[in-house]
Amino acid sequence: MPLPHFELSSSQYRILAEASLRPLPDPANDEAAQQEWIVRELDPEGVQSEVSELVFLGLVVREGSALALTALGSAVHHRAGHEAAEERLAAVARLAEAMEDANPRLARTVRQLVQGSISLGEALARAARRE
């Protein structure tokens, strides 16, 4: 079954990321729960609608006084991380392409590393050579 695509806010993705580490206390419960959200660099004010939407979408569940990630929420969280890594890797490949004229050997080595045809050790060895 393919993973559905969700349009979430950056705050909702952040909530998923924190919940993937350990369940979050429900900030609606008490001041101590709100303090934990602040310690974890989340804004406990005004998140009820975001949390409610995450619960409605099946990404988070309320377990007692805590918010826990569901399997679907975990998959969405990890897919977002994977997509961000792909974007960074594509940027590195574009940089190597843009530097082709300035240093063709290094650009070729970086491209091969990005494509996975050589290891980091091989790339470093090739970059260190003064041919």
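Are any residues in the stretch 74-91 of a type in the set (D, E, K, R) and within 8 Å of the chain's Cα centre (by Cα), and if so, which ones? Arg79, Glu83, listed by residue number.
So which residues in the stretch 18-41 are among the hydrophobic types (A, V, I, L, M, F, W, C) and more than 15 Å from Ala66 (Cα to Cα)?
Within the stretch 18-41, Ile38, Val39 qualify.
For Gly58, the conditions (1) in a loop (DSSP other than H, G, I, E, B); (2) over 16 Å from Gln12 (Cα atoms); (3) small (Gly, Ala, Ser) all hold with the exception of (2). The residues in the stretch 55-73 that are closer than 14 Å to Leu24 by Cβ, touching a residue at least 12 places away in the same chain (Cβ under 8 Å) and out of contact with any strand residue (DSSP E or B) (no Cβ under 9 Å at 6 or more places or on another chain) can be counted, and the count is 1.
Among Ala33, Ala127, Ala102, which is the only one that is in contact (Cβ under 8 Å) with a residue 24 or more places away in the chain and either more than 16 Å from the chain's Cα centre (by Cα) or farther than 28 Å from Pro2 by Cβ (or both)?
Matching residue, one of Ala33, Ala127, Ala102: Ala33.
Checking Arg40, Arg22 one by one, the residue that is among the basic types (Lys, Arg), without any contact (Cβ under 8 Å) to a residue 40 or more places away in the chain and surrounded by 12 or more Cβ atoms within 10 Å (Cβ to Cβ) is Arg40 and no other. Please go through the stretch 43-70 and pick out each residue that is hydrophobic (A, V, I, L, M, F, W, C) and over 16 Å from the mean Cα position of the chain (by Cα). Of everything in the stretch 43-70, those that are hydrophobic (A, V, I, L, M, F, W, C) and over 16 Å from the mean Cα position of the chain (by Cα) turn out to be Val47, Val51, Leu54, Val55, Phe56, Leu57, Val60, Val61, Ala66, Leu67, Ala68.
If you go through the stretch 106-126 and pick out every residue that is surrounded by 13 or more Cβ atoms within 10 Å (Cβ to Cβ) and either of a type in the set (Phe, Trp, Tyr) or assigned to a loop (DSSP other than H, G, I, E, B) (or both), you end up with 1.
Quick grid of which residues meet (1) open to solvent by 80 Å² or more (accessible area, probe 1.4 Å); (2) modelled with pLDDT of 90 or more; (3) at positive phi:
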{"residue": "Asn29", "(1), (2), (3)": "yes, no, no"}
{"residue": "Glu50", "(1), (2), (3)": "no, no, no"}
{"residue": "Leu54", "(1), (2), (3)": "no, yes, no"}
{"residue": "Gly58", "(1), (2), (3)": "no, yes, yes"}
{"residue": "Ala75", "(1), (2), (3)": "no, yes, no"}
{"residue": "His78", "(1), (2), (3)": "yes, yes, no"}
{"residue": "Ala91", "(1), (2), (3)": "no, yes, no"}
{"residue": "Asn103", "(1), (2), (3)": "no, no, no"}
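The values are calculated or read from the model by the stated rules, or taken from the named source; none is laboratory data. In this text the structure is predicted, and so the values were computed from the model without any measurement. So basically every Cβ, Gly included, is an ideal-geometry build from the backbone, and we count neighbours across all protein chains shown. In case anyone asks, the SASA skips ligands and DNA or RNA and just uses the protein heavy atoms, side chains included. Shrake-Rupley method; radii C 1.70, N 1.55, O 1.52, S 1.80 Å.
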